[in-house]
Amino acid sequence: MVVLPYTVAFLLLSFLQTVKIANSQSFIGINYGQVADNLPPPSSTAKLLQSTSIQKVRLYGSDPAIIKALANTGIGIVIGTANGDIPGLASDPNFAKSWINTNVLPFYPASNIILITVGNEVMTSNDQNLMNKLLPAMQNVQNALNDASLGGKIKVSTVHSMGVLKQSEPPSSGSFDPSYGDLMKGLLEFNSANGSPFAINPYPYFAYRSDTRPETLAFCLFQPNAGRMDGNTKIKYMNMFDAQVDAVYSALNSMGFKNVEIVVAETGWPYKGDDNEVGPSIENAKAYNGNLIAHLRSLVGTPLMPGESVDTYLFAFYDEDLIKPGPGSERSSGLFKTGVTMVYDVGLSTSSQIQAPAAAPQPSPAAATTTTTTTTTTITSNSNSSTSTSTSTSTGTGTSTSTNTVNISIGSSSGSGSKVYLIRIFNLGLLYGFMGLSLICLFFYDLQI
């Protein structure tokens with residue numbers, strides 16, 4: 001009985017830490033692109049970030065002004081090397097050391113650099129030279145970090161499009177394109193050996209753009225829908241994001257790397273586009289991003305990775321008016337205006353953590369006349385630092401009527417804010433209940449001695 005007070009104290013502290021982790025929202029990040037001529041000063045952006053629950057920022061490069069502006073904020077920073085730097089990084093270890101000396105050492109640890117991404121969507125670039133040199137480049141950057149005694153503190157990886165998957169439907173059958181063969185295996189071995197994440201860019205928006213039925217839009221926006229059955233696992237998926245992420249998990253598992261962490265490096269939905277584009281609207285963008293954030297905050301996870309939320313970087317912080325030529329949607333995914341006000345509210349402000357209900361899906365006029373019935377969709381990436389366009393089959397619909405069904409859902413959009421609120425109330429209830437139980441145990445312990 002002597003150990004009772006210590007046991008109770010240990011359990012109480014453990015529970016407090018669990019609640020703290022659940023509410024920290026460190027899994028919400030955002031992409032900060034700079035292909036624009038109207039961006040606010042980095043200091044203004046840093047101040048704006050600190051007024052939100054966003055805890056991580058991904059840069060496509062390594063702008064020293066931004067890295068310095070984020071110093072002493074605690075915000076995790078992902079920096080990246082350009083695809084054009086890969087050959088030099090691969091062939092010259094001294095170039096890798098110079099890169100670290102220039103872009104990391106002057107700022108770390110005041111600026112919380114957590115990950116270096118070597119290149120962007122290289123494996124689907126169709127540039128065999130870059131593909132072959134990607135792993136040696138990553139290894140040299142890792143060695144440079146090790147030489148600077150930062151190997152265990154800053155991770156090294158690369159970012160992939162969903163095009164690296166040969167199959168993603170159903171999610172349990174997710175697999176990598178075998179044409180990447182030993183190249184992909186080498187990258188995964190690097191991730192596993194160094195504890196670095198597998199970073200991927202899933203975009204339900206592109207899946208909907210290739211299959212514009214109303215039920216597909218609801219599935220992509222986390223809104224009420226019939227779900228899609230995975231015939232292998234008898235799991236009914238209620239949203240495209242979970243289906244895509246689980247397809248990546250299955251692909252990793254099929255290669256023997258299920259323990260490699262998955263990070264969503266990009267995902268988002270444009271709020272406007274050209275007249276002939278299907279899907280972009282403020283209503284749909286708010287629904288997708290708002291319901292995604294609520295889903296992450298719920299800590300439900302995905303069916304194959306339950307109970308935790310993957311680190312997810314929203315696309316994007318600001319619009320980028322100088323981004324590569326293409327549809328208007330390419331330049332209209334910013335959550336914030338360059339005047340540092342919100343384009344639309346998805347509950348990221350720390351002054352209003354309960355998310356407002358997301359609007360119902362709004363098919364564009366172009367979608368209203370579409371009668372597509374195919375369930376094979378195309379997934380591309382909206383990266384602003386790669387000119388490649390990659391495709392992949394997406395998760396499709398299922399028709400199984402098995403009664404052994406697992407339903408994983410965040411629920412309707414109108415209840416998203418309420419669920420976040422209820423989760424917090426539940427956490428507080430558990431906390432106070434546990435504290436009361438601890439006091440009772442201590443009271444009876446005192447009586448016995």
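The values are calculated or read from the model by the stated rules, or taken from the named source; none is laboratory data. A quick note: this is a predicted structure, and the numbers were derived from the prediction, not measured. Glycine gets a Cβ as well: all are built from the backbone with ideal geometry, and neighbour counts include every protein chain shown. Remember, those area values only see protein heavy atoms, side chains included, never the ligands or the DNA or RNA. Shrake-Rupley method; radii C 1.70, N 1.55, O 1.52, S 1.80 Å.
List of remarks:
- Solvent-accessible surface of segment 24-342, taken per residue with a 1.4 Å probe and all protein chains present: 33 Å².
- Antiparallel DSSP beta bridges within segment 24-342, as percent of all bridges there, nearest 5: 20
- Between segment 317-333 and segment 193-247, the alpha-carbon centres lie 24 Å apart.
- In terms of its C-alpha gyration tensor, segment 263-303 comes out prolate, because a/c is 1.5 or above and the ratio a/b outweighs b/c.
- Ranking 233, 216 by solvent-accessible area of protein heavy atoms (1.4 Å probe, all protein chains present), from largest to smallest, gives 233, 216.
- Its residue count N sets the reference 2.2 N^0.38 Å, and the alpha-carbon radius of gyration of segment 24-342 equals 0.97 times that reference.
- Highest mean packing first, where packing is the average number of other Cβ atoms within 10 Å per residue, the peptides 273-282, 55-64 line up as 55-64, 273-282.
- The slack between residue 65 and residue 275, meaning 0.36 nm per residue of separation minus the straight C-alpha distance, is 71.9 nm.
- Given 185/286; 133/234; 68/166; 155/236; 153/185; 56/133, the pairs whose alpha carbons are separated by over 32 Å: 185/286; 133/234; 68/166; 155/236
- Protection proxy ranking, highest mean first, for peptides 294-302, 89-97, 343-351, 134-142: 134-142, 294-302, 89-97, 343-351, where packing is the per-residue count of other beta-carbon atoms within 10 Å, averaged.
- Dividing the mean sequence gap of close Cα pairs (under 8 Å, 6+ apart) by how many residues segment 24-342 holds gives a relative contact order of 19 percent.
- Applying the Kirkwood pairwise sum to the alpha-carbon positions of segment 265-341 produces a hydrodynamic radius of 13.6 angstrom.
- Global form of segment 94-235, assessed from the alpha-carbon gyration tensor, a/c cut-off 1.5: prolate
- In order along segment 266-282, the Karplus-derived 3J(HN,Hα) couplings, from 6.51 cos²θ - 1.76 cosθ + 1.60 at θ = phi - 60°, round to 8, 6, x, 8, x, 8, 7, x, 6, 4, 8, 8, 9, x, x, 5, 4 Hz, and Gly and Pro are given as x.
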